[in-house]
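Below is one structure, written out as structure tokens; comments come after it.
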Amino acid sequence: MQVHLEAIKHPIFKLIGEAADELGVDAYVIGGYVRDYFLKRNTPKDIDIVAIGSGIELAKKVASKLKGKPEISVFKNFGTAMIKHKDLELEFVGARKESYHRDSRKPVVEDGSLEDDQNRRDFTINAMALSLNASNFGELLDPFNGLGDLDEQIIRTPLEPGITYSDDPLRMMRAIRFATQLHFNIELKSLQAITENQERIKIVSKERIVDELNKILMSPKPSIGFSLLHKTGLLPLILPELTALQGIEEIEGQRHKDNFWHTLEVVDNISETTENLWLRWAALLHDIGKAPTKKFHKKIGWTFHAHEFVGSKMVYKLFKRLRMPLNEKMKFVQKMVMMSSRPIILSEDHVTDSAVRRLVFDAGDNVEDLMTLCEADITTKNPKKQKKYKNNFKIVRQKIVEVEERDHVRNFQPPVSGEEIMETFNLKPSKEIGIIKDAIKEAILEGEIPNEYEAALQFMLEKGKALNLKVKSE
Ligand code: CTP
């Protein structure tokens with residue numbers, strides 16, 4: 001018998017054990033908390049407690065023993081109760097046996113033993129329990145050798161994997177997510193069962209799927225997850241836009257790169273430099289417009305004309321389909337996709353001030369994020385090219401700072417207003433005003449005049465003259 005007192009040294013565990021003893025039930029801490037303790041990860045603040053009896057009664061008893069008598073949220077239908085205590089969220093449930101219908105993730109539930117409860121869990125590493133009763137406080141109950149699997153870094157199911165995944169197909173995503181977060185392997189039998197059950201992902205809500213995708217994306221090396229999704233056939237059911245990027249075509253000896261594997265490299269690259277989930281989404285989607293725009297021209301070879309524009313439109317459809325937020329986060333991803341080639345074009349060429357000014361003007365406050373995306377997009381294996389692009393990006397970054405200090409074109413405000421143009425030339429609202437305003441903006445971006453009032457005013461007068469407008473007499 002192994003005892004792990006260190007894992008449950010927080011006084012809350014002793015208190016739960018006392019409450020359980022008073023009720024005459026057995027109680028255990030189980031699931032993610034135990035797993036993360038053994039992994040030496042930060043132990044989670046949400047703690048799952050299982051009672052061999054009523055979880056709700058145990059929660060009530062625990063609450064009555066806690067200072068401040070915290071509120072309990074009871075979910076009678078699920079037989080669970082939750083207590084928020086300081087920074088902890090304690091989730092109580094009675095041990096249960098579950099059976100599933102084929103068309104639903106909602107099980108039929110009966111009371112069960114600890115073993116029944118452990119059997120119904122997703123992975124061996126998530127089925128470990130530590131006893132909280134005084135008689136065996138800290139004893140580890142690990143019937144499927146989850147500890148050994150943690151050691152071997154393997155994701156395995158307690159039951160036949162076909163049963164575990166078919167019962168609750170969300171677990172297919174969870175397996176891949178844990179493999180990505182923890183850098184673990186999924187046992188072969190499990191991978192096969194996921195492949196066989198791939199179609200069952202259709203009964204899982206989009207929100208849950210996106211939760212898992214977000215966790216995969218926020219892992220240190222997201223490509224692990226996306227290649228597993230690809231390998232098991234889940235990807236085309238969730239993100240067909242990505243699957244469509246896979247493959248290399250060759251016509252008349254001309255090949256294009258495999259944009260799927262390239263995309264995964266970009267996502268891994270960007271994950272080394274940003275924790276911004278939406279920028280990681282932008283990296284994942286930056287090339288999706290390439291599949292529908294791909295063409296072969298005899299003279300110039302493969303083209304993906306306007307793929308950035310097409311891709312940014314696809315972002316909206318994809319977010320809508322997956323019930324993701326259609327708010328400023330989506331607009332940010334769209335903008336990044338839309339602009340994703342801009343700095344690259346700069347970096348291939350001689351970097352001019354006016355090109356950088358235009359970039360800052362168009363990207364606004366997102367210019368640094370855009371640069372981060374574009375640097376991640378360098379996946380060439382040619383060391384000479386790699387060096388050249390990186391160096392040019394350095395120059396672009398420097399120029400952004402210089403141009404910013406001098407010209408302030410980020411969040412550009414026209415130095416001469418429409419009202420002033422109307423007033424000067426005695427104009428009613430008309431297209432001439434737009435023409436003059438545009439010409440001033442263009443002159444500033446091209447570097448013909450500085451972004452200053454006096455210069456813009458002078459320019460306005462000249463432009464007005466060229467348009468045959470008369471200055472209103474004083
Ligand atoms: N569980 C399960 N099947 C699911 C979801 C959860 O068997 N589809 C079980 C697992 O034993 C899991 C526990 O419920 O450990 C708690 O689930 P949850 O809080 O969602 O996950 P954690 O394992 O705590 O991990 P994370 O917080 O990273 O999601």
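The values are calculated or read from the model by the stated rules, or taken from the named source; none is laboratory data. Note that the structure is predicted; figures quoted are calculated from it, not measured. Quick reminder, even Gly has a Cβ in these numbers, built from the backbone with ideal geometry, and neighbours come from all protein chains shown. Accessible surface is based on the protein model in full, side chains and every heavy atom, while ligands, DNA and RNA are left aside. Shrake-Rupley method; radii C 1.70, N 1.55, O 1.52, S 1.80 Å.
The lone criterion from (1) more than 9 Å from the ligand (Cβ to nearest atom); (2) under 31 Å from the mean Cα position of the chain (by Cα); (3) without any contact (Cβ under 8 Å) to a residue 60 or more places away in the chain left unmet by ARG177 is number (1).
Does LYS60 satisfy the criteria of being more than 13 Å from the ligand (Cβ to nearest atom), at pLDDT 95 or above and surrounded by fewer than 21 Cβ atoms within 10 Å (Cβ to Cβ)? Full working, then the answer.
Values: more than 13 Å from the ligand (Cβ to nearest atom): yes; at pLDDT 95 or above: yes; surrounded by fewer than 21 Cβ atoms within 10 Å (Cβ to Cβ): yes.
Taking the combined requirement at face value, the residue satisfies it.
Of VAL315, VAL333, VAL310, which residue is under 28 Å from the mean Cα position of the chain (by Cα), surrounded by fewer than 20 Cβ atoms within 10 Å (Cβ to Cβ) and under 30 Å from GLU207 (Cβ atoms)? One residue alone meets the criteria, VAL310. Within the stretch 13-38, track down each residue that is in a helix (DSSP H, G or I), open to solvent by 30 Å² or more (accessible area, probe 1.4 Å) and away from the ligand (no atom under 12 Å from the Cβ). Within the stretch 13-38, LYS14, LEU15, GLU18, ASP21, GLU22, LEU23, PHE38 qualify. Within the stretch 416-449, the set of residues being free of Cβ contacts under 8 Å to residues at least 60 places away in the same chain and open to solvent by 60 Å² or more (accessible area, probe 1.4 Å) comprises GLU419, GLU423, ASN426, LYS428, PRO429, LYS431, ILE435, LYS437, ASP438, GLU442, GLU448.
So which residues in the stretch 65-101 are at pLDDT 95 or above, among the small types (Gly, Ala, Ser) and surrounded by fewer than 17 Cβ atoms within 10 Å (Cβ to Cβ), if there are any at all? Scanning the stretch 65-101 gives a single hit, SER73. May I ask you to verify whether ARG208 is within 13 Å of the ligand (Cβ to nearest atom), out of contact with any strand residue (DSSP E or B) (no Cβ under 6 Å at 6 or more places or on another chain) and closer than 27 Å to ALA376 by Cβ? No.
Cβ-Cβ contacts under 6 Å between residues 6 or more apart (or on different chains), taken from a first residue in the stretch 47-75 that is under 12 Å from ALA27 (Cα atoms) to a second residue that is acidic (Asp, Glu) and open to solvent by 20 Å² or more (accessible area, probe 1.4 Å), are listed as ASP48/GLU91; ILE52/ASP26. Being under 21 Å from the mean Cα position of the chain (by Cα) and in contact (Cβ under 8 Å) with a residue 40 or more places away in the chain is the filter here; which residues of the stretch 188-204 pass it? Listed by number, the list holds a single entry, VAL204. Take the stretch 106-144 and flag every residue that is of a type in the set (A, V, I, L, M) and touching a residue at least 12 places away in the same chain (Cβ under 8 Å). Passing the criteria: VAL109, LEU114, ILE125, ALA127, MET128, ALA129, LEU130, LEU132, ALA134, LEU140, LEU141. In the stretch 43-57, the qualifying residues are those that are at pLDDT 95 or above and acidic (Asp, Glu), and the one that is nearest to the ligand (Cβ to nearest atom) is ASP48. Among all residues of the stretch 190-198, there is none that is within 16 Å of the ligand (Cβ to nearest atom) and within 23 Å of PHE319 (Cβ to Cβ).
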